[in-house]
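The values are calculated or read from the model by the stated rules, or taken from the named source; none is laboratory data. All values derive from a computational prediction rather than experimental measurement. All Cβ positions, glycine included, derive from the backbone under ideal geometry; neighbour counts span all protein chains shown. Side chains included, ligands, DNA and RNA excluded: accessible areas come from the protein's heavy atoms. Shrake-Rupley method; radii C 1.70, N 1.55, O 1.52, S 1.80 Å.
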Amino acid sequence: MVDVHPEHAQLQADRIYLGWQYILLHPDPGPPPKRPSPADETPAQGPDPDLVRRERLQQDLLNRPMRIFRRFMLVLTVLLLVPASAGYLDWSFALLGMVATGGVALICSYALVEGDRAVRYRIQEQQARADRRRQERDRELFRAQEEHAQRYREWQEVKERHDRQLTWYAVAVPDDVDRIDVAGGTLPGWSALVTLIGATRLYSGGHLTVLDLSEGAIAKDLIELARRGGDEPLVWVLPTDLPRLDLGATLKPEAFADVLAHVVSVSEEHRSTRDLSFDNAILERVLEVLGENATISQVTAALRALAQVGDPRDDLRYGLITATQLERIGTLFGRGVSDRVVIERAWALESQLRKLETLGTQAVRLPPARLRVVSMDRQAGVFGNRVLGTYVATALTHILRQSPASDRPWYHTIIVAGADKLRGDVLDRLMDACETSRTGLVLTYRSLTPTVRERLGRGHAAVAFMRLGNAEDARIASEHVGTEHRLELAQLTETISDSLTGLDGAYTSTIAQADGRAEAPGDGATDLAGDITESTEWGRTADKIGERERVLQRSREFLVEPHQLQQLPTTSVIVTDATAQGRRVRLADANPAILTFPRTTLGELEDVRESVLSLDPEQARAGGEEPPPNLGPPPPRLDWRKDRT
């Protein structure tokens, strides 16, 4: 198990990192719950004036006849009193009438008083009901606020877990995988992937050889990163550095003849194994005449003599061949070289191998380096670059075949960028040699030619697909992966991909300045994330990318369909590999700057998912940080500067 925390994580030498997978194990909880609030109107402290006014108006309407009748009784009482006082009416009759009218008036007054009392009672009842409703609302508001406080605390815990969670998980394959085939992609995408694979291999203590046939300087950032890590890479730019390239100089004549035969076949795609054997036989016999340590220029001189091209005295004068060798060459295939097939093949061999005549003529002793880059100059001819690339690949194959198997898989890694420019049999031999010697091999193909399709994923290999612009290539890739897979693509990946520009500049050769002295390894360990930030184009934008990483947390899902593969972001890689549980498919972002993000881990999702989901938020709050699970001690840090020989 690996530690899930970026500040604790270390590179694992038994993992080949291909990018990072964007996953949110804890989904965004959304906005916080809305706090309940009381009604907008302010509750009245006394009776409602409108209610009082309505009740009194209603009572006045009801009592109006009673008041009129009482007033009439009072007037009648006065009318009875005045005549009686003047002597016009008998007092007994007047008193009787006054008692009757006054009594009726008193009864009316009592009724009016009771009506007013009833109005006040109703107003009080209404006020009491309003008070009870207000108290009930207050109690409900209090309960709602308590529930809101509980929900807010729960939301806050989920939000903190969401904000603190890891978002980028490493996508790696185990080192028991023999090879990684990368199909499709653009030059910036290859640059990101090569930088990531190369940096993690070098910083894990390994050695790396890059054969760049893309003519796009895709390993330029990796070279700067290696220098930042304390090494001084060796960079050959062919054909300019061909005189100082000693690759293959120690091969035996039989192996050297085989290498040259494959170099000649680069322009003859349909030549069979029988034809190669014929060329190989011619070259073996020529090298037998020339002896060991024969140079390419000597071989071409002998082939000119065999093909009867030019004046052999010129080659004798320059010391390329001797008179004895010239005589023996003339009798290799019968006196007079009557076989026209031999003459034609010798002529064809000479015309192709002339491009390698300066090979190793100015070889110097080079210092040890853990990163070696052999590239093709884009200013040179296309065919010449294919010849040079085939020579380097075939020579590497023979060197690997003669080397003992490594104790540590992928300790030495070879990356061939633009491998679709090599013949199929050259690729097959290189694959077999790497598998036998336990050398890691990464092959990148721009397009899925028939030769590539036959070899894609063959053996125990992981396959990675990048952007495939060709519709037919995209269809083949989707069928290989399976259209039923749903992959999650981060918005950050799409945003950065849209802002990328093409690669600028070219390689600068380091061979001319090499003096053969080995640098002493520096003291102290280096930090991969810091070195990426300081020395690569990806890292120089890390601050801006990190700010976007905090903002752009959205993602989208898509099915593995041809039109989606044609629109993949530049650094996106669909990785497929076989496991004990079956074939797995993952979408990664090969941008090396993601390693510098604060929420990136070198642990794979399958390894840390259970640990991340089981983190205790209470312990996290008490300690001020997410507690790491008990995953055992982290693996020892592997120093970039160790094992430089």
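Tabulated data for the structure shown
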{"item": "Residues of region 200-234 that turn out to be assigned to a strand (DSSP E or B) and either surrounded by fewer than 21 Cβ atoms within 10 Å (Cβ to Cβ) or of a type outside the set (Asp, Glu) (or both), as a count", "result": "6"}
{"item": "Those residues of region 327-346 which are buried (at least 16 other Cβ atoms within 10 Å of the Cβ) and either touching a Lys or Arg at 6+ places or on another chain (Cβ under 9 Å) or at pLDDT below 85 (or both), in sequence order", "result": "329, 330, 332, 333, 337, 342, 343, 345, 346"}
{"item": "Residues (open to solvent by 60 Å² or more (accessible area, probe 1.4 Å) and either among the charged types (D, E, K, R) or farther than 18 Å from residue 359 by Cα (or both)) located in region 282-310", "result": "284, 285, 288, 292, 308, 310"}
{"item": "Any hit, region 243-253, residues being charged (D, E, K, R) and assigned to a loop (DSSP other than H, G, I, E, B)", "result": "yes"}
{"item": "Selection status of residue 89, touching a Gly at 6+ places or on another chain (Cβ under 9 Å), over 17 Å from residue 67 (Cβ atoms) and either among the aliphatic types (A, V, I, L, M) or in contact (Cβ under 8 Å) with a residue 24 or more places away in the chain (or both)", "result": "yes"}
{"item": "Restricting region 347-382 to residues that are β-branched (Val, Ile, Thr) and surrounded by 15 or more Cβ atoms within 10 Å (Cβ to Cβ), the residue that is nearest to residue 210 (Cα to Cα)", "result": "373"}
{"item": "Count - residues of region 556-585 that are within 20 Å of residue 484 (Cα to Cα) and open to solvent by 10 Å² or more (accessible area, probe 1.4 Å)", "result": "16"}
{"item": "Residues within region 181-199 that are part of a helix (DSSP H, G or I) and either surrounded by 24 or more Cβ atoms within 10 Å (Cβ to Cβ) or of a type in the set (Gly, Ala, Ser) (or both), tallied", "result": "11"}
{"item": "Among the residues listed as 462, 471, 477, 490, the single one being within 13 Å of residue 565 (Cα to Cα) and in contact with a strand residue (DSSP E or B) (Cβ under 6 Å, 6 or more places away or on another chain)", "result": "477"}
{"item": "Failed item, numbered, when residue 59 is tested on (1) in contact with a Gly (Cβ under 8 Å, 6 or more places away or on another chain); (2) part of a loop (DSSP other than H, G, I, E, B)", "result": "(2)"}
{"item": "Filter pass, residue 444 being buried (at least 24 other Cβ atoms within 10 Å of the Cβ) and either among the aliphatic types (A, V, I, L, M) or over 25 Å from the mean Cα position of the chain (by Cα) (or both)", "result": "no"}
{"item": "Subset of region 425-452 [touching a strand residue (DSSP E or B) at 6+ places or on another chain (Cβ under 6 Å) and either of a type outside the set (A, V, I, L, M, F, W, C) or closer than 10 Å to residue 414 by Cβ (or both)]", "result": "434, 439, 440, 441, 442, 443, 444, 445"}
{"item": "Residues of region 456-486 satisfying the condition of being among the basic types (Lys, Arg), surrounded by fewer than 19 Cβ atoms within 10 Å (Cβ to Cβ) and over 26 Å from residue 436 (Cα atoms)", "result": "475, 486"}
{"item": "Filter pass, residue 117 being open to solvent by 80 Å² or more (accessible area, probe 1.4 Å), touching a residue at least 40 places away in the same chain (Cβ under 8 Å) and closer than 30 Å to residue 49 by Cα", "result": "no"}
{"item": "Residue count for region 235-259, restricted to those that are in contact with a Ser or Thr (Cβ under 7 Å, 6 or more places away or on another chain) and surrounded by fewer than 19 Cβ atoms within 10 Å (Cβ to Cβ)", "result": "2"}
{"item": "Residue among 307, 346, 323 that alone is farther than 23 Å from residue 240 by Cβ, aliphatic (A, V, I, L, M) and in contact with a Phe, Trp or Tyr (Cβ under 8 Å, 6 or more places away or on another chain)", "result": "307"}
{"item": "Scope region 484-510; condition modelled with pLDDT of 85 or more and within 30 Å of residue 233 (Cα to Cα); matching residues", "result": "507, 508, 509, 510"}
{"item": "Segments classed as helices (runs of 4 or more DSSP H), wholly inside region 277-341, with at least 3 members that are within 27 Å of residue 363 (Cβ to Cβ) and under 54 Å from the mean Cα position of the chain (by Cα)", "result": "296-307"}
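Here is a yes/no grid of residues against (1) under 27 Å from the mean Cα position of the chain (by Cα); (2) assigned to a helix (DSSP H, G or I); (3) surrounded by 20 or more Cβ atoms within 10 Å (Cβ to Cβ):
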| residue | (1), (2), (3) |
| --- | --- |
| 391 | no, yes, yes |
| 398 | no, yes, yes |
| 404 | no, no, no |
| 430 | no, yes, yes |
| 436 | no, yes, no |
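Residues checked against (1) of a type outside the set (D, E, K, R); (2) more than 30 Å from residue 120 (Cβ to Cβ); (3) exposed (fewer than 14 other Cβ atoms within 10 Å of the Cβ):
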position: 57; (1), (2), (3): yes, no, yes
position: 63; (1), (2), (3): yes, no, no
position: 80; (1), (2), (3): yes, yes, no
position: 97; (1), (2), (3): yes, yes, no
position: 104; (1), (2), (3): yes, no, no
